[in-house]
Amino acid sequence: MVEAGFANRFEKGSLLWWNADYTHYQVQACIPDYAYYLFVEYDACIGGNGTRLLADMIADGADFVAHPIVADLSWYWTAFHAGIYPDEQLRASLNCISFFSSRALLHLAAQRRAMSAPGAGIKFWPLGEAFVASEIEKAGFNFVPLGRYGDVTRYTWFPPILEADLVLPAGGHTFVHPVLDQKRYIASLLRQTHFVRHYFMPGSHLRRELRRFPGAVSRGRLYRAALARAAQRLHLARGGL
């Protein structure tokens with residue numbers, strides 16, 4: 001990605017976690033002759049008729065389809081992007097399932113490269129979820145919410161859904177995220193549950209879920225998860241990322 005002209009910059013996590021849109025530009029560069037592209041991340045799922053879904057998106061003249069995030073003060077990342085998307089220009093979207101026209105992807109790649117140029121002066125490197133939606137809106141492309149095409153009630157960050165528990169209704173389209181295997185499912189519960197001590201409360205959701213996997217969660221792992229959550233809360237309280 002760096003050799004292709006994209007900045008080796010990220011504010012948290014890793015290059016491709018923070019800039020999930022980078023891989024979209026690589027795909028288009030490798031197979032450039034498509035008019036439209038649909039991306040589905042490993043932990044997302046589409047239930048329904050995929051051929052009809054794409055036909056509907058194309059018929060709507062969509063340049064970008066994703067699930068909008070309300071980028072107001074309630075969104076954690078809003079304040080960090082004020083320097084690059086001021087005056088209510090900030091938009092955001094959950095892009096685990098995302099549809100693009102070819103022209104929209106070409107524009108986004110050009111914008112990322114422009115920001116990556118020496119002397120561009122980008123102090124806070126924009127998160128993919130903010131960059132894509134904001135640049136699409138700013139350029140006047142047609143952004144259609146994913147919910148137009150089906151049920152998005154189970155399409156969020158948390159709680160996760162175990163692969164073995166996934167049931168998709170017949171008829172219509174359903175969008176689901178995150179859908180995880182057992183190892184990732186347990187890790188997500190321990191990482192995201194606000195207080196790991198809930199495990200020791202007999203009626204808690206965390207206790208009920210982890211009890212399904214006897215022997216998979218040691219006390220040492222619970223202790224490490226509790227320390228990690230405490231450190232994260234302290235870091236956030238001090239104003240960190």
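Per-structure values
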item	result
Tally of residues being in contact (Cβ under 8 Å) with a residue 12 or more places away in the chain, open to solvent by 30 Å² or more (accessible area, probe 1.4 Å) and part of a loop (DSSP other than H, G, I, E, B) across the stretch 121-170	13
Every pair of residues 6+ apart whose Cβ atoms lie under 8 Å, when the first sits in the stretch 86-102 and is more than 13 Å from Val40 (Cβ to Cβ) while the second is small (Gly, Ala, Ser) and part of a strand (DSSP E or B)	Ser93/Ala66
Listing of helices (runs of 4 or more DSSP H) fully contained in the stretch 22-118 that carry 3 or more residues being farther than 19 Å from Phe131 by Cβ and either out of contact with any Gly (no Cβ under 8 Å at 6 or more places or on another chain) or of a type in the set (Phe, Trp, Tyr) (or both)	50-59
Asp72 being farther than 22 Å from Thr156 by Cα and over 13 Å from the mean Cα position of the chain (by Cα)	no
Enumeration of residues in the stretch 53-77 that are open to solvent by 40 Å² or more (accessible area, probe 1.4 Å) and of a type outside the set (Gly, Ala, Ser)	Leu54, Asp56, Ile58, Asp60, His67, Pro68, Val70, Asp72, Leu73, Tyr76
Enumeration of residues in the stretch 85-103 that are touching a strand residue (DSSP E or B) at 6+ places or on another chain (Cβ under 7 Å) and either exposed (fewer than 15 other Cβ atoms within 10 Å of the Cβ) or over 21 Å from Gly61 (Cβ atoms) (or both)	Ala92, Leu94, Cys96
Matching residues in the stretch 172-194 - criterion: being open to solvent by 20 Å² or more (accessible area, probe 1.4 Å) and at pLDDT 85 or above	Gly172, Asp181, Gln182, Lys183, Arg184, Ala187
Long-range neighbours under 6 Å by Cβ, at least six apart or interchain, first residue farther than 15 Å from Gln192 by Cα within the stretch 207-218, second at pLDDT below 85	Val217/Leu210
Checklist (1) closer than 23 Å to Phe39 by Cα; (2) in contact with a Lys or Arg (Cβ under 8 Å, 6 or more places away or on another chain) applied to Gly83, failing item	(1)
Filter pass, Tyr36 being open to solvent by 20 Å² or more (accessible area, probe 1.4 Å), among the aromatic types (Phe, Trp, Tyr) and over 27 Å from Ser188 (Cβ atoms)	yes
Selected residue (only one of Tyr25, Tyr42 is touching a residue at least 60 places away in the same chain (Cβ under 8 Å) and hydroxyl-bearing (Ser, Thr, Tyr))	Tyr25
Selection from the stretch 10-30 of residues that are open to solvent by less than 70 Å² (accessible area, probe 1.4 Å) and at pLDDT below 95	Gly13
Only one of Arg197, Arg212 that is in a helix (DSSP H, G or I) and either open to solvent by 70 Å² or more (accessible area, probe 1.4 Å) or modelled with pLDDT of 75 or more (or both)	Arg197
Unmet requirement for Asn8, which otherwise passes all of (1) of a type outside the set (Lys, Arg); (2) outside any loop (DSSP other than H, G, I, E, B); (3) more than 20 Å from Ser134 (Cβ to Cβ)	(2)
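Table: residues versus (1) within 21 Å of Phe141 (Cα to Cα); (2) hydrophobic (A, V, I, L, M, F, W, C); (3) open to solvent by 50 Å² or more (accessible area, probe 1.4 Å).
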position: Pro32; (1), (2), (3): yes, no, yes
position: Glu41; (1), (2), (3): no, no, yes
position: Ala44; (1), (2), (3): no, yes, no
position: Asn49; (1), (2), (3): no, no, yes
position: Ala79; (1), (2), (3): no, yes, yes
position: Gly83; (1), (2), (3): no, no, yes
position: Leu105; (1), (2), (3): yes, yes, no
position: Arg113; (1), (2), (3): yes, no, yes
position: Gly119; (1), (2), (3): no, no, yes
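The values are calculated or read from the model by the stated rules, or taken from the named source; none is laboratory data. These numbers come from a predicted model, not from an experiment. FYI the Cβ positions are ideal-geometry reconstructions off the backbone, even for glycines, and counts take in every protein chain you see. Quick note on the areas: whole protein, heavy atoms, side chains included, nothing else; ligands and nucleic acids left out. Shrake-Rupley method; radii C 1.70, N 1.55, O 1.52, S 1.80 Å.
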